[in-house]
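Trainee: Pasting in a structure now, in structure tokens, and then I'll have a few things to ask.
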Amino acid sequence: QVQLVDSGGGLVQAGDSLRLSCAASGRAFSSYAMAWFRQAPGKEREFVVGISGSGRSTNYADSVKGRFTISRDNAKNMVSLQMNRLKPEDTAVYYCAARSSRWIGISMKDYDDWGQGTQVTVSS
């Protein structure tokens, strides 16, 4: 089990950039695949991007490909999400998630531990 703390959300304008961070506590961080999900008002939580335990593999939702970049630093137990060219439809609460497997999953049920969420609001 890992404890996750999300941070970095805020209010920005369309076209701006934002960087989210997720700090994890616990051992063997590299044995966990990590992901970011998001949930907009009135919608279900959806997969945004995942990264394997080693960091060598990533998987992006089509809606964010080419704009968002996930990275991890296993020495610091950190995962980051760089979000560029933000759009109003990116507005949501963003959640960091950890999976007890090195391999990426794309479903909420694949993940065991969750951060508290951080709000991202993009104005037009």
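The values are calculated or read from the model by the stated rules, or taken from the named source; none is laboratory data. Quick caveat, the model's predicted, so the values are computed rather than measured. In this analysis, Cβ positions are derived from the backbone assuming ideal geometry, glycine residues included, and neighbour counts consider all displayed protein chains. These accessible areas exclude ligands, DNA and RNA; they are computed on the full protein's heavy atoms, side chains included. Shrake-Rupley method; radii C 1.70, N 1.55, O 1.52, S 1.80 Å.
Trainee: Rounded to the nearest percent, how much of the accessible area of the chain (1.4 Å probe, protein heavy atoms only) is carbon and sulfur?
Mentor: 46 percent
Trainee: Which net charge results for the neighbourhood of Gly55, defined as the other residues with beta-carbon distances under 13 angstrom from its beta-carbon, given Lys and Arg at +1 and Asp and Glu at -1?
Mentor: Around Gly55, the surrounding residues sum to +3.
Trainee: Same structure, new question: Where only protein heavy atoms count, and the probe is 1.4 Å, what is the accessible area per residue for the stretch 56-124 in Å²?
Mentor: 54 Å²
Trainee: Let me ask something else about it. Work out the FRET efficiency for Ser30 and Ser124 from their Cβ-Cβ distance, taking R0 = 25 Å, and round it to the nearest 0.05.
Mentor: With R0 = 25 Å, the Cβ-Cβ based efficiency is 0.05.
Trainee: So what are the ³J(HN,Hα) numbers for the stretch 65-74, from phi and the Karplus equation (6.51, -1.76, 1.60; θ = phi - 60°), rounded to whole Hz, Gly and Pro as x?
Mentor: 4, x, 10, 9, 9, 9, 8, 9, 10, 5
Trainee: Return the single residue from Ser57, Ser21, Ser100 with maximal mean-square fluctuation; model: Gaussian network over the chain, springs between Cα atoms under 10 Å.
Mentor: Taking springs between Cα atoms under 10 Å, the residue moving most is Ser57.
Trainee: So how far, in whole Å, is the C-alpha centre of the stretch 1-30 from the one of the stretch 37-108?
Mentor: The stretch 1-30 and the stretch 37-108 have Cα centres separated by 10 Å.
Trainee: Please list, in chain and number order, the residues 5+ apart from Ser100 or on another chain whose amide H is under 5 Å from its amide H, with Hs placed from the backbone.
Mentor: Answer set, sorted by chain and number: Asp112.
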